[in-house]
Every structure is written in structure tokens, then in C-alpha cells.
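In what follows, a single structure is set out as C-alpha cells and then discussed.
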Amino acid sequence: MITAALTFTMTVCGSLTAAAASELTAESKPATQYTIDANQEVYALLDFEDTAEFENATKGQIASPDTLDIYDENGKLVWSQTAYAFLDQDAPDTANPSLWRDTQLNHIYGLLK
């Protein structure tokens, strides 16, 4: 079922026309009932109480800065991990909870053994 859902999502996302893409905005919109139902199926299929992957991602971590900002040679900020602080929250109804979890894991940074 997850494979079918992901295939459908990739097909739909990959078939956006230039006209449809130009209608996309940064405005936040509520999730449709279809999206809410699909995400609830993901919650039902996967064990989100299992934190082993978070433990694996931080295993051997020696240190990490409070914030991770990267500047170019001219002092211009080119990357700020702070922009992703929203990932510390639970997945919103508009986001696939499994992908949200993967992104949270990718948000972990620091010096590792």
C-alpha cells in the first residue's frame, strides 16, 4: 500500500505542468481530507514510537554547535540550520509523517566519531 501511495505521489508530482507549477505559492493551506487519510495510514503502518533511528543518528556524537551557520569568504550567510527548526515539531497534516521523520534525522548535525 505504501509503495502504491508513493508511486501515485511521484506520478502526480512529476506530471505538474508549467501552468500548474506557476500557480504554486508559499501560502500555507490546510491538508485535504485525502492527504489526512493517507498520512493516517502511514501512522498506522509504521511504529513512530520507535526512536532507534534517532539513537543511531546521534551515536558517537562528540559535539555539535547550538546553531550551524555557514558563511562564504565574503561573510555572506549561505546556509543556516536554524531555518529548519520547525522540524523539531510533529509532522503537520500536510506532510507525510515518514518523510518528515527522515528529514528530522537529516537535521541532526555535529562531530561524530
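The values are calculated or read from the model by the stated rules, or taken from the named source; none is laboratory data. Since the structure is predicted, the reported quantities are computational estimates derived from the model, not experimental observations. FYI the Cβ positions are ideal-geometry reconstructions off the backbone, even for glycines, and counts take in every protein chain you see.
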- Note on the structure: When the stretch 48-71 is checked residue by residue, the ones that are closer than 17 Å to LEU87 by Cα and of a type in the set (A, V, I, L, M, F, W, C) are PHE48, PHE54, ALA57, LEU68
- Task: List every residue pair whose Cβ atoms lie under 8 Å apart, where the two residues are 6 or more positions apart in sequence or sit on different chains, the first residue falls within the stretch 45-57 and is more than 17 Å from ILE108 (Cα to Cα) and of a type in the set (A, V, I, L, M), and the second residue, located anywhere, is modelled with pLDDT under 95 and not in a loop (DSSP other than H, G, I, E, B).
- Result: LEU45/ILE2
- Task: Run down ASP37, ASP66, ASP50, ASP93 and say which single residue is at pLDDT below 90 and not β-branched (Val, Ile, Thr).
- Result: ASP66
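So in the stretch 64-113, with the set limited to residues that are polar (S, T, N, Q) and either out of contact with any strand residue (DSSP E or B) (no Cβ under 9 Å at 6 or more places or on another chain) or closer than 22 Å to ASN39 by Cα (or both), which one is surrounded by the fewest Cβ atoms within 10 Å (Cβ to Cβ)?
The qualifying residue surrounded by the fewest Cβ atoms within 10 Å (Cβ to Cβ) is ASN74.
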